[in-house]
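The values are calculated or read from the model by the stated rules, or taken from the named source; none is laboratory data. These numbers were taken from a predicted model, which means no experiment stands behind them. Methodologically, a virtual Cβ is constructed for each residue, glycine included, from the backbone with ideal geometry; neighbour enumeration extends over all protein chains shown.
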2 protein chains.
Amino acid sequence: MSARVLDGQALADRMQRDIKPEVAAFATRHGRPPGLAIVLVGDDPASHVYVNHKVKAGTEAGFRVDLERMPATASLDDVLGLVQKLNASAAHDGILVQSPLPKAMGAGAEQKVFDTIAVEKDVDGFSAESVGLLVQKRPKLVACTPSGVIELLDREKIPIAGRHAVVVGRSDIVGKPMAMLLLHRDATVTIAHSRTPDLAAVCRTADILVAAVGKAGLIQRDFVKPGAVVIDVGVNRVTDAAVVGGLYPESHPRQRVFKSKGALLVGDVHPEVADVAGALTPVPGGVGPLTITMLMMNTLSAARARVGV
Amino acid sequence: MSARVLDGQALADRMQRDIKPEVAAFATRHGRPPGLAIVLVGDDPASHVYVNHKVKAGTEAGFRVDLERMPATASLDDVLGLVQKLNASAAHDGILVQSPLPKAMGAGAEQKVFDTIAVEKDVDGFSAESVGLLVQKRPKLVACTPSGVIELLDREKIPIAGRHAVVVGRSDIVGKPMAMLLLHRDATVTIAHSRTPDLAAVCRTADILVAAVGKAGLIQRDFVKPGAVVIDVGVNRVTDAAVVGGLYPESHPRQRVFKSKGALLVGDVHPEVADVAGALTPVPGGVGPLTITMLMMNTLSAARARVGV
């Protein structure tokens, strides 16, 4: 048996295509496209890659996307000042500050910036107020990765109500909001984490298992109840041949990819889980692409809410 | 075997006594006592009882407690105006608006009022921002009932880290914040609710079982793993003799209480659970008294934070 593949890339492509006429209709009706401002501070190479993806996806869908770059030497006050300007900007419906901010800004800087984004424009959903509204089941804008997972489950007609969902990982950006979204859809929800004893046994109780830890291949065959739906949120860049060898046999095509590139993107779920799961998101091509799509959906929602639709 | 009784009333009494010199020291140092404003709108008899308890406990501990009463005919704007005045008041460190507000104010009125309370004075912890800060593990002021449960577990030296906690009930004021507090103390946490199939089986996986549903005697003997810690947050006023009969045999002293008063306060946990649980909070005299004590603790914390201690 091999698990049904939940093709997040295909869904993301379809949603990206479907959103275009809606963005265009907004622009026609309101004399401007919905607008997204992306703040990028410093020179983190991975951040540049992520931001470029977001700019490209947004621009292609017809959004106005403004990339606001600041040097790594910018102060926290500079960033807060920019966010406040964008809060007041008529042209911008969504504001996203790319994480991480330069370390020199201090430990609490990032969350302080997130909290400064107006709740109506907080398309990443990372501010305290956005999180509180989600928990109280009156969400405005919800973190993109967990809402992408819900979108995928819905489109794949996977029932949530009455199921037992286990979320492995308790981060603010995935684990905790994911748990809340599943709870509000009437799942019984367990949040497990690095301090959970016998993680395998806890995971085996799941009808829907969401792995969001950031540990390559953590979720193995014996963590999964036969037929369960497994959602792999992990994106781990592996450069160790031994780790890749533990995931894929020598003959596997991904070994060739690894050997030619010297690195491989893998999920938190071991490939052998496909033998027992009922359905499974691949990495890459599963949850990842939906995150950007949900950012676009959030920006369009924010724009509509601002003009009172 | 009979479960150890977790005497919340005794702990609350001890904490109420211990807080007195701290309140007095604050008053001496800052030239005023820590101040709590309680807003009571309308004539709900149960609300009057609760508010009187809070006024009495606060006053006895040395707080300034101002009861701000408004008629049932007050408008939402009147209440919001009062809250804004209290937000700006130098004498008030904590603000509590007694729930429920009169129905005539509309469905969203209560939460709108809660959200208007300054986060630094939100001693009930019900605003979106307070909730978000809790979820993100940087709490300012946390809802009193769940934080009272944590206090009780700590004082009774019941370990939380690495245990499996099951919270039954997903309310904004108990279930969800309770789950977050247990999670942040490194429990593996399951949130179950009315839509959970086979609730008994889910509850039996708990090392720590928190019942916060509001259904008399819901948690029965077979819901509890032998030796588990059971926390009963339910407070149900039962007037049906059949229900009381299902909880207590005819010969039980509480039957006499019921017969003389025509009503009985009972928890969500069936008394027979005492035969299997390792420890159990009674109702009344368990979690309830701690709620008011935590309100006092929150008010003192708020006062200290405001003066920069």
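Considering only region B:1-99, give the helices (runs of 4 or more DSSP H) lying wholly within it that have at least 2 residues that are in contact (Cβ under 8 Å) with a residue 12 or more places away in the chain, within 19 Å of B:VAL309 (Cβ to Cβ) and not assigned by TED's automatic domain parsing to the domain that holds B:ASN236.
Correct list: B:8-30.
Taking the condition touching a Phe, Trp or Tyr at 6+ places or on another chain (Cβ under 8 Å), part of a helix (DSSP H, G or I), within 21 Å of B:GLY148 (Cβ to Cβ) and in the same structural domain as B:GLU151 (by TED's automatic domain parsing), does B:VAL273 pass?
Criteria met by B:VAL273.
crowded, with 19+ Cβ neighbours inside 10 Å and either without any contact (Cβ under 8 Å) to a residue 60 or more places away in the chain or part of a loop (DSSP other than H, G, I, E, B) (or both): is that true of A:GLY234 in this structure?
Spelling it out, A:GLY234 is indeed crowded, with 19+ Cβ neighbours inside 10 Å and either without any contact (Cβ under 8 Å) to a residue 60 or more places away in the chain or part of a loop (DSSP other than H, G, I, E, B) (or both).
Would you call B:PRO100 closer than 26 Å to A:LEU133 by Cβ and in contact with an Asp or Glu (Cβ under 9 Å, 6 or more places away or on another chain)?
It is true that B:PRO100 is closer than 26 Å to A:LEU133 by Cβ and in contact with an Asp or Glu (Cβ under 9 Å, 6 or more places away or on another chain).
Which residue pairs have Cβ atoms closer than 6 Å, lie 6 or more positions apart in sequence or on different chains, and pair a first residue in region B:245-262 that is in the same structural domain as B:GLY285 (by TED's automatic domain parsing) with a second residue that is among the small types (Gly, Ala, Ser) and surrounded by 10 or more Cβ atoms within 10 Å (Cβ to Cβ)?
B:LEU247/B:GLY217
Please enumerate the residues belonging to region B:103-117 that are assigned to a loop (DSSP other than H, G, I, E, B) and surrounded by 20 or more Cβ atoms within 10 Å (Cβ to Cβ). Can you show your working first?
Here is the first cut: in region B:103-117, the residues assigned to a loop (DSSP other than H, G, I, E, B) are B:106-108, B:117.
Matches in region B:103-117: B:ILE117 only.
Only one residue in B:ALA88, B:ALA143 is more than 27 Å from B:VAL233 (Cβ to Cβ) and either surrounded by 23 or more Cβ atoms within 10 Å (Cβ to Cβ) or away from every other protein chain (no Cβ under 14 Å) (or both), so which one is that?
When all the criteria are applied, what remains is B:ALA88.
Got at least one residue in region B:30-45 being touching a Gly at 6+ places or on another chain (Cβ under 6 Å), over 13 Å from B:THR299 (Cβ atoms) and modelled with pLDDT of 95 or more?
no
Which ones in region B:165-177 are at the interface with chain A (Cβ under 8 Å from one of its Cβ atoms) and surrounded by fewer than 24 Cβ atoms within 10 Å (Cβ to Cβ)?
B:ASP172
Among the residues that make up region A:10-25, is at least one of them within 18 Å of A:LEU300 (Cα to Cα), crowded, with 19+ Cβ neighbours inside 10 Å and in contact with a His (Cβ under 7 Å, 6 or more places away or on another chain)?
The answer is no, given that none of the residues of region A:10-25 is within 18 Å of A:LEU300 (Cα to Cα), crowded, with 19+ Cβ neighbours inside 10 Å and in contact with a His (Cβ under 7 Å, 6 or more places away or on another chain).
So which residues in region A:142-189 are of a type in the set (Asp, Glu) and free of Cβ contacts under 8 Å to residues at least 60 places away in the same chain, if there are any at all?
A:ASP154, A:ASP172, A:ASP186
Filter region B:118-130 down to residues that are assigned to a loop (DSSP other than H, G, I, E, B) and within 16 Å of A:PRO139 (Cα to Cα) and give me whichever is nearest to the other protein chains (Cβ to nearest Cβ).
Within region B:118-130, the first condition is being assigned to a loop (DSSP other than H, G, I, E, B), and the residues that meet it are B:118, B:123-127.
From what's left, within 16 Å of A:PRO139 (Cα to Cα): B:126-127.
On the way: B:PHE126: 9, B:SER127: 7 Å.
The selected residue is B:SER127.
Can you name the number of the only condition in (1) within 29 Å of B:PRO284 (Cβ to Cβ); (2) surrounded by fewer than 23 Cβ atoms within 10 Å (Cβ to Cβ) that B:ILE95 fails?
(2)
Condition (residue is assigned to a strand (DSSP E or B), crowded, with 18+ Cβ neighbours inside 10 Å and among the hydrophobic types (A, V, I, L, M, F, W, C)) applied to region A:286-303: is it met by at least one residue?
So far as region A:286-303 goes, no, none of its residues is assigned to a strand (DSSP E or B), crowded, with 18+ Cβ neighbours inside 10 Å and among the hydrophobic types (A, V, I, L, M, F, W, C).
Please go through (1) within 13 Å of chain B (Cβ to nearest Cβ); (2) closer than 30 Å to B:SER171 by Cβ for A:GLY108 and return the number of the only condition it doesn't satisfy.
Going through (1) within 13 Å of chain B (Cβ to nearest Cβ); (2) closer than 30 Å to B:SER171 by Cβ one by one, A:GLY108 breaks only (2).
Which of the numbered conditions does A:VAL113 fail, given that it passes all the others? Conditions: (1) assigned by TED's automatic domain parsing to the domain that holds A:VAL51; (2) of a type in the set (A, V, I, L, M); (3) more than 26 Å from A:VAL79 (Cα to Cα).
(3)
Residues checked against (1) of a type in the set (Asp, Glu); (2) at the interface with chain A (Cβ under 10 Å from one of its Cβ atoms); (3) surrounded by 24 or more Cβ atoms within 10 Å (Cβ to Cβ); (4) part of a loop (DSSP other than H, G, I, E, B):
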position: B:GLY132; (1), (2), (3), (4): no, yes, yes, no
position: B:GLY148; (1), (2), (3), (4): no, no, yes, no
position: B:PRO159; (1), (2), (3), (4): no, no, no, yes
position: B:ALA179; (1), (2), (3), (4): no, yes, yes, no
position: B:ASP186; (1), (2), (3), (4): yes, yes, no, yes
position: B:ARG195; (1), (2), (3), (4): no, yes, no, yes
position: B:ALA200; (1), (2), (3), (4): no, no, no, no
position: B:CYS203; (1), (2), (3), (4): no, no, yes, no
position: B:LEU209; (1), (2), (3), (4): no, no, yes, no
